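Please read the structure below before turning to the comments.
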Amino acid sequence: MKGIVLFAGLGGSSTGATKAGVEIVWAANHWQAAVDAHALNHPGTVHACQDLHQANFAPVLSLAPKLDLLLASPCCQGHSKARGKSNGNPQYDASRSTAWAVPAAAEVLKPEQIIVENVPEFLQWLLFPAWEHAMQKLGYSLASHIVDCADLGVPQNRVRMFIVCTRSKNPLILKLPKLPHVAAESFIDFDAGRWSLVNQPGRAAATLDRVANGRAQFGDRFLMSYYGNTKSGRSLQRPIGTITTRDRWAAVDGDRMRILTKEENMLAMSFPADYINPPSHKLTVHMAGNAVPPEAMYQMVKALKEQA
């Protein structure tokens, strides 16, 4: 089974699909740093660094004249509630138009199956009915799945949308597993990282309040979010909250605390422990926060192969 990935990023979709038995023959992204990181981990894949708004998909036909699967994760920031209008997210955002690369590629490559990943708000996009109609005119039936990735084996509560597009008369609603949740303590290493004292000069009052509330709930060891709506800690016995593109989570251990390491961010996304990530902490966290959790895509592709 041969597949390609649009908006491949760090390689979460590619890694999950490969685990499910798909040969990823081509992967594209507009950002060279992401392409380089992807290529290190998927050396057998042909890579393209290009604006997918203007991509020429014809060369892909030489790699896979009969394409089985197309995976795509168009830019989600223009849809996400995490960047609302009050934070500079306009009602009309050029980033949303990246979704049109999917029907553009489908028209040329005619893959048998397509999985599009994004935030659930994608379905409320003003132009979603037009996008959906374009896919239907190309011969696809669409089935939307709203999934918490924690239910698919990812040690993180991360709600995402997966649209399964198939060349079938009726939409294919996948029967997805609901796996036992994996606790955050599975990837937190209390012997790693750079720790500092909780009570030190300059520590924000809001941070100290969260630590105090976390201690009252969970004892000496717990997780804490630096920003968001949380006012206390988070138990290590449950999945971590959503990993974002900048440092959000801290581990607290008694009177010391630290931000998560880049390796912990990667594991929270369900990347394999031996996955090669950029040397920069900031860059790795950014790419990880933008990625598709490999285990989530693995379960999606596995179910699609079994049920299509």
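The values are calculated or read from the model by the stated rules, or taken from the named source; none is laboratory data. The shown structure was predicted, so the numbers you read here are calculated from the model rather than taken from an experiment. All Cβ positions, glycine included, derive from the backbone under ideal geometry; neighbour counts span all protein chains shown. Surface accessibility is based on the protein's heavy atoms, side chains included, excluding ligands, DNA and RNA. Shrake-Rupley method; radii C 1.70, N 1.55, O 1.52, S 1.80 Å.
I want to confirm something. Restricting to the stretch 1-28 and keeping residues that are part of a loop (DSSP other than H, G, I, E, B) and in contact with a strand residue (DSSP E or B) (Cβ under 7 Å, 6 or more places away or on another chain), which single residue is most open to solvent (accessible area, probe 1.4 Å)? My answer is 1.
I'd like to know if the stretch 171-194 contains one or more residues that are part of a strand (DSSP E or B) and modelled with pLDDT of 95 or more. No, every residue in the stretch 171-194 fails to be part of a strand (DSSP E or B) and modelled with pLDDT of 95 or more.
Hey, does the stretch 207-219 have a residue that's within 20 Å of residue 255 (Cα to Cα) and β-branched (Val, Ile, Thr)? Looking for residues that are within 20 Å of residue 255 (Cα to Cα) and β-branched (Val, Ile, Thr), one finds at least one in the stretch 207-219, hence yes. Scanning the stretch 44-78 for residues that are part of a loop (DSSP other than H, G, I, E, B) and of a type in the set (Ser, Thr, Tyr) yields 45, 73. If you go through the stretch 166-178 and keep only what is in contact with a helix residue (DSSP H, G or I) (Cβ under 8 Å, 6 or more places away or on another chain) and open to solvent by 60 Å² or more (accessible area, probe 1.4 Å), you end up with 175, 178. Taking the conditions exactly as written (touching a Ser or Thr at 6+ places or on another chain (Cβ under 8 Å), closer than 30 Å to residue 293 by Cα and hydrophobic (A, V, I, L, M, F, W, C)), does residue 187 satisfy them or not? In short, no. Looking across the stretch 278-308, the residues that are over 15 Å from the mean Cα position of the chain (by Cα) and in a loop (DSSP other than H, G, I, E, B) come down to 278, 279, 280, 308.
Specify which of the listed residues (70, 142) is open to solvent by less than 10 Å² (accessible area, probe 1.4 Å), at pLDDT 95 or above and under 21 Å from residue 17 (Cα atoms). Only one candidate passes the filter, namely 70. Inside the stretch 149-165, residues that are open to solvent by 10 Å² or more (accessible area, probe 1.4 Å) and either among the charged types (D, E, K, R) or over 27 Å from residue 263 (Cβ atoms) (or both) make up a count of 2. The set of residues in the stretch 29-43 that are of a type outside the set (S, T, N, Q), part of a helix (DSSP H, G or I) and surrounded by fewer than 18 Cβ atoms within 10 Å (Cβ to Cβ) comprises 33, 36, 40.
Scanning the stretch 258-272 for residues that are surrounded by fewer than 22 Cβ atoms within 10 Å (Cβ to Cβ) and not in a helix (DSSP H, G or I) yields 258, 259, 261, 272.
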